[in-house]
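Right, one structure below, let's go through it.
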Amino acid sequence: MKCLDDCHTYKLDTVIGEIPGLYEFLGEHPEDILPLLHFYEMRLDGTKIDGVTNEEILRVLIHRLKFLNDEWMDGKFKCPENDYALFCLTSALNALEYRTKDRIVRNVKGTHEV
């Protein structure tokens, strides 16, 4: 993972297998085809740039880990470490959702006010 700016855009590392001739076929170097992740950005001048939220990334990770833990290959790889990771990810999501609800109640959501 490499942060490309002030924590809004990331170039993600991937597990790219050695497939003979793949990069010649694509015409690109592996570094050039790594996925980008861009988070929602509200600049100090008030302009907003679309992107994902921390909460959405956690939802993706929770969904994926639940699927791999419970459904993929009939739960063959379910283990205490996966259950603990799910607990931690769910706790993080709950904390961030609580923060958002609190900001709504205080009427500061979508602003730079604390």
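Within region 96-107, does at least one residue satisfy the condition of being of a type in the set (Phe, Trp, Tyr), assigned to a helix (DSSP H, G or I), closer than 26 Å to residue 12 by Cβ and out of contact with any helix residue (DSSP H, G or I) (no Cβ under 8 Å at 6 or more places or on another chain)? Looking for residues that are of a type in the set (Phe, Trp, Tyr), assigned to a helix (DSSP H, G or I), closer than 26 Å to residue 12 by Cβ and out of contact with any helix residue (DSSP H, G or I) (no Cβ under 8 Å at 6 or more places or on another chain), one finds none in region 96-107, hence no.
Residue 93 satisfies every condition listed in (1) in a loop (DSSP other than H, G, I, E, B); (2) touching an Asp or Glu at 6+ places or on another chain (Cβ under 7 Å); (3) closer than 27 Å to residue 5 by Cα except (1). Here residue 65 meets each of (1) within 25 Å of residue 6 (Cβ to Cβ); (2) surrounded by 13 or more Cβ atoms within 10 Å (Cβ to Cβ) with one exception, condition (1).
If you go through region 34-82 and keep only what is part of a helix (DSSP H, G or I) and touching a residue at least 40 places away in the same chain (Cβ under 8 Å), you end up with 54, 55.
Bear in mind these aren't lab numbers, they're just calculated from the coordinates by the rules spelled out. Quick caveat: nothing in here was measured; it's all calculated off a predicted structure. Don't worry about glycine lacking a Cβ; one is built from the backbone with ideal geometry, like all the others, and counts go over all protein chains shown.
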